Amino acid sequence: VYASPACRCSQPSAMLAGMRIVIISGLSGSGKSIALNILEDASYYCVDNLPSQMLRPLVDHLGQRGYDKIAAAIDIRGGDSIAMLPQQLAELRAQHVELEFLFLDAKTDTLLKRYFETRRRHPLADEQHTLTESIAEERRRLERLAELGHHIDTSDLKPNALRDWIRQFIVRDS
């Protein structure tokens, strides 16, 4: 369904019918950026580091503009709003939106290795917390989300294997 940018539809839920949304979440260093890049290559409108409370406004805005495929990475970088994500996903599903949720995970030792290889800073790391402690805290905070959809352990996946899995996931579920 295409809607012109000037559309002021009285029933926004009608705009969302037929829309396909993929939400990616999971532990930092588990491959969310790789997954989001594949979705972008597949013509999804992609947003990284979206605060959870911005999901519905984003979907409404893009729906009004005629976008029918949206992907967003929502994770610990968005702060405490991540706790609202299960309710927000339920509300979108109630609007008859085709919504898929991917939770990417990896073993702690794999995440440590990836962080040491990339030399990137973990979003929860600071002077008071080691990288291992930061990963453990992130895992604890995201524990509830892991059961909301597809839970993928990327510990033993090379980046190209994850790319292939995401491509197959898109084709299989479209």
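Once neighbouring chains are kept in place and the probe is 1.4 Å, which whole percent of the accessible area of the chain is contributed by carbon and sulfur? Mind dumping the intermediate values first?
Numbers: 4710 of 9510 Å².
Ligands and nucleic acids excluded, carbon and sulfur reach 50 percent.
Treating only the Cβ atoms of Lys and Arg (+1) and Asp and Glu (-1) as charged, compute the dipole magnitude of the range 51-114 about its Cα centre; round to the nearest 20 debye.
220
Could you tell me the largest-minus-smallest coordinate of the C-alpha atoms of the range 64-153 on each of the three principal axes, in descending order and whole angstroms?
43, 24, 22
What share of the DSSP beta bridges in the chain is antiparallel, in percent to the nearest 5?
Working: 1 of 20 bridges.
Rounded to the nearest five, the antiparallel share is 5 percent.
Taking R0 as 35 Å, what FRET efficiency do you get between His129 and His61 from their Cβ-Cβ distance, rounded to the nearest 0.05?
Values: r = 36 Å, r/R0 = 1.04.
Once rounded, the FRET efficiency stands at 0.45.
Relative to the present Cα-Cα distance, how much length would full extension add between Glu91 and Asn49 at 0.36 nm per residue of separation? Mind dumping the intermediate values first?
Working: separation 42, 0.36 × 42 = 15.12 nm, distance 2.05 nm.
Working it through step by step, the gained length comes to 13.1 nm.
Using 0.36 nm per residue of separation minus the Cα-Cα distance, give me the extension gain between Asp109 and Met84 in nm, one decimal. Could you put the intermediate results ahead of the total?
On the way: separation 25, 0.36 × 25 = 9.00 nm, distance 2.89 nm.
Extra length available between Asp109 and Met84 comes to 6.1 nm.
Could you give the distance between the Cα centres of the range 96-155 and the range 23-52, to the whole Å?
If we compute the Cα centre of each part, the gap is 13 Å.
Using a Förster distance of 30 angstrom, determine the FRET efficiency expected from the C-beta separation of Asp164 and Arg121, and round it to 0.05.
Values: r = 29 Å, r/R0 = 0.97.
Working from the Cβ atoms, E equals 0.55.
Grab the Cα-Cα distance for Ser155 and Val171, subtract it from 0.36 nm times how many residues apart they are, and report the gain in nm with one decimal. Don't skip to the end; give the middle numbers.
Details: separation 16, 0.36 × 16 = 5.76 nm, distance 2.34 nm.
Answer, rounded to one decimal: 3.4 nm.
Taking the alpha-carbon distance from Lys158 and a cut-off under 21 Å, which lysines remain once sequence neighbours fewer than 8 residues away in the same chain are dropped?
Lys32, Lys107, Lys113
Dividing the convex hull volume of the alpha carbon atoms of the chain by its residue count, what do you get in Å³ per residue? Please list the in-between numbers first.
On the way: hull volume 20.1 nm³, N = 174.
Residue-normalised Cα hull volume stands at 115 Å³.
The values are calculated or read from the model by the stated rules, or taken from the named source; none is laboratory data. In this text, all values refer to a predicted model and were calculated from it rather than measured experimentally. Quick reminder, even Gly has a Cβ in these numbers, built from the backbone with ideal geometry, and neighbours come from all protein chains shown. Side chains included, ligands, DNA and RNA excluded: accessible areas come from the protein's heavy atoms. Shrake-Rupley method; radii C 1.70, N 1.55, O 1.52, S 1.80 Å.
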